[in-house]
1. Residue separation times 0.36 nm, minus the C-alpha to C-alpha distance between Met1 and Lys229: what's the value?
2. If you count, for each residue, the other Cβ atoms within 10 Å and average over each peptide, how do 211-221, 140-150, 2-12 line up from highest to lowest?
3. What FRET efficiency, computed as 1/(1 + (r/R0)^6) with R0 = 51 Å and r the Cβ-Cβ distance, is obtained for Ser33 and Gln151, rounded to the nearest 0.05?
4. Given a cut-off of under 8 Å on Cα pairs at least six residues apart, what relative contact order in percent is computed for the chain?
5. Using the basic label-point model (7 angstrom from Cα toward the beta carbon), what is the Gln104 to Arg21 distance in nanometres?
6. How high is the FRET efficiency between Lys77 and Lys260 when r is their beta carbon distance and R₀ equals 35 Å, given to the nearest 0.05?
7. Just to check I understand the Karplus step: with θ = phi - 60° and J = 6.51 cos²θ - 1.76 cosθ + 1.60, what whole-Hz values come out for segment 74-91, glycine and proline as x?
8. Rounded, prolate or oblate: which fits segment 1-59, taking a ≥ b ≥ c as square roots of the Cα gyration tensor eigenvalues, rounded meaning a/c under 1.5, else prolate when a/b beats b/c?
Amino acid sequence: MEKIVVYQSYRTQNVPEFITRCMESVRTWAQSSGYTYRFFDDALFDFVPKWFQEKVSHKILPMSDLGRLYAARQLLKEGFDAAVWMDADLFIYNPERFRIDTNQAFLLTKEVWITYSIPLIPSVWVRVCNAAMVYRKENPFLDFYIYSSEQLVMNREHWVERFRGSNDFRYLLFRLKNKLKPLGQDVPVAVIGTMYLTALHRMFPLPLIENIGLFSPALLGDIASGSGKLMRRYMALFSEPLYAANLCGSFYGKRAFGVKADDALYQKVMENLMYSKGDIMNRFRRVVHE
């Protein structure tokens, strides 16, 4: 029988209730699937070289992006046949139907981001992220990802040029911002995550998990209200039903895109997803694809 480990990381103090519920959903799913569950807390950052931490100004996200890769390498060295990373704000709301193919050499996650760039007019970006990842032993990607990520940050003064031509709003905003300061003085938080993986995917197709969503604050608001305007547009871009989602915990406590991402919002979203077992979203996929 193969040994599969699911691993996560998060701080252990001042943990929002919805994060606790998200991690519990992952832990329960892993155990019911016969997988080992490993929690790293902030020890994940111990994997990250000191020079890298300094280069990214000790920003949590890029350090986590690299730390989770080193952790996967360590777990595979310990004897696991596959290591599965899941973000702490990833919520499995239909564990009976949710599956991840651990037979693939490696997997990243398809990301669809929908929001209102202009009031009442939704904009959509399709990208690749690392909210969930799978790495098997002797996979061809993990070592390359670690090496190239470190090189990208080490040579950060050139990174804007490497992403020139992208139409992603975050890249465009960063370029505009850097006209006011020396090139490479700052490193964007997604530089080795969504930005880099999306750029790679444009050059050659990466294998992707397509049954996990990434719900923007605007989409969270739509799920909470049950309106369906954004859900319909969102699910048109998925070929598989969604049984889990990253709930964008980085927006917790903030107001973004006209939505306040507070405890009440997350509670309502999670209730709607669990009560419907994901059908509140997946009903629109059936309308579009059948």
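Readers should treat all values here as calculations from the given coordinates under stated rules, not as data from a laboratory. If you're wondering where the values come from, they're calculated on a predicted model, not measured in any experiment. Quick reminder, even Gly has a Cβ in these numbers, built from the backbone with ideal geometry, and neighbours come from all protein chains shown.
1. 77.6 nm
2. Averaged packing, sorted descending, gives the order 211-221, 2-12, 140-150.
3. Calculated value: 0.90.
4. For the chain, the relative contact order is 20 percent.
5. 2.8
6. 0.20
7. Once rounded to whole Hz, the list reads 5, 5, 5, 5, 6, x, 6, 6, 8, 10, 10, 8, 9, 4, 5, 9, 8, 10.
8. oblate
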